[in-house]
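Following: one structure in structure tokens, then a few remarks.
The values are calculated or read from the model by the stated rules, or taken from the named source; none is laboratory data. Being a predicted model, the structure only gives us computed values, none of them experimental. Here Cβ is always computed from backbone atoms with ideal geometry, including for glycine, and neighbour counts include all displayed protein chains.
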Amino acid sequence: MPSFKDATLNKDQQRFLILAFIWFLAWQIIDFIAPIDQWLTDSIVALSRAGIVLLFNKSTICYRIQDPFQGYMITDSVASFKIAHSCNGKAILFLFTAFLWAIPNKQLSKKIMYTLSGFTLIFFANIIRIITLFQVLRNTPDWFEFLHHSLFQWLMYVIILFLWMMFLDQVKLFGRGSS
Amino acid sequence: MDDVFRPGKIIWARFFITLLFILTVQTIQQYLSNVYYDRVCNCWSKPLDNIFVRFAIREACVYFNILCAFSQLKKMRKGEFISNIFLYISIGFDLLFILIAGIRYFNPTDYRLGQKYLEVFSYLNSGSLFVFCFALYFLTNKIQKNN
């Protein structure tokens, strides 16, 4: 097992890790009490279907897979596509906010602003991902697995990393610091 | 292998390639699940019909990813600190994963337990912890500048 002997944590680093853990735990408790999964999945399914109609002019039928609940099946004449709770991006949102809120010495208003904008960005990026995956499944199904589990996830992480770095003033947008 | 970070310069390619590598392992694991899972009868076919074989494959993927990410994080400046953090968080999540898997073994119909099982697995298998720890580098820099 490695040791922290050569890499001691200073107070801020210790505080960050403890706070990140507390935020993550708080999220898990909220998740247990409130139906976050249900709300997120329902919204993503509804908006993705609307997006498919808007962008590709394709109407879809949506089935709820019950007993036990396993998600929604979106289907048209060509392809069927299952959207489960695991597709709603909740895990990424948890991790994103845990990191953000654990960072010391940052203004509360900035944290709230980044949390809200990050949530919105990740939420809509996920909808675009689902719409694109549906279209890929209809046209080039061989690429589906690679895009689903590799490329799009990779892109989601790039978005999150970018937001974190902006929050830490490591990248500048439109020539201005983000502070 | 080159360092993930050269003095004063980040080699982003190394980060992205590592992440893509982790996600490729995840894709292979998912592909195996798709091939051996019969959606008509909702059952697994051989050799993945045994719950322990499936669990062993998941654990193998997890530790393969952990080793890969750990070795890359270790090459960073301040890598000792960040790679250790990554390793401890990963092992903590894996213990949680094993615990949930154990409870789930005796209570397989509990849907929420199943969801948590998948959630914890996704933290371990999807590279999100690697991204989290990679971002720690910038935070550590920031804290040191402030101090």
> Could you list, in sequence order, the residues of segment B:37-93 that are in a loop (DSSP other than H, G, I, E, B), surrounded by fewer than 18 Cβ atoms within 10 Å (Cβ to Cβ) and not charged (D, E, K, R)?
Replying inline: B:Val40, B:Cys41, B:Asn42, B:Ser45, B:Pro47, B:Leu48, B:Asn50
> Filtering segment B:1-25 down to residues that are touching a helix residue (DSSP H, G or I) at 6+ places or on another chain (Cβ under 8 Å), modelled with pLDDT of 75 or more and of a type in the set (A, V, I, L, M), which residue is surrounded by the most Cβ atoms within 10 Å (Cβ to Cβ)?
Replying inline: B:Ile22
> Does A:Phe152 qualify as being away from every other protein chain (no Cβ under 14 Å), closer than 23 Å to A:Lys58 by Cβ, surrounded by 16 or more Cβ atoms within 10 Å (Cβ to Cβ) and not hydroxyl-bearing (Ser, Thr, Tyr)?
Replying inline: no
> Among A:Met73, A:Met113, which is free of Cβ contacts under 8 Å to residues at least 40 places away in the same chain, in contact with a Cys (Cβ under 9 Å, 6 or more places away or on another chain) and more than 29 Å from B:Phe93 (Cβ to Cβ)?
Replying inline: A:Met73
> B:Tyr88: within 14 Å of another protein chain (Cβ to nearest Cβ) and hydroxyl-bearing (Ser, Thr, Tyr), yes or no?
Replying inline: yes
> Which residues, taken from segment A:76-110, are free of Cβ contacts under 8 Å to residues at least 24 places away in the same chain and in a helix (DSSP H, G or I)?
Replying inline: A:Ser86, A:Ala91, A:Leu108, A:Ser109
> What do you reckon, is A:Ile18 among the aliphatic types (A, V, I, L, M), within 14 Å of chain B (Cβ to nearest Cβ), in a helix (DSSP H, G or I) and over 19 Å from B:Ser128 (Cβ atoms)?
Replying inline: yes
> Any residue at all in segment B:26-34 that is farther than 20 Å from A:Phe146 by Cβ, modelled with pLDDT of 80 or more and more than 9 Å from every other protein chain (Cβ to nearest Cβ)?
Replying inline: no
> Any idea which residue in segment B:94-143 is surrounded by the fewest Cβ atoms within 10 Å (Cβ to Cβ), counting only those that are touching a residue at least 24 places away in the same chain (Cβ under 8 Å) and of a type in the set (Gly, Ala, Ser)?
Replying inline: B:Ala101
> In the set A:Lys110, A:Lys82, which member is surrounded by fewer than 16 Cβ atoms within 10 Å (Cβ to Cβ), closer than 24 Å to A:Phe69 by Cβ and not β-branched (Val, Ile, Thr)?
Replying inline: A:Lys82
> Within segment A:52-75, how many residues are part of a strand (DSSP E or B) and not small (Gly, Ala, Ser)?
Replying inline: 9
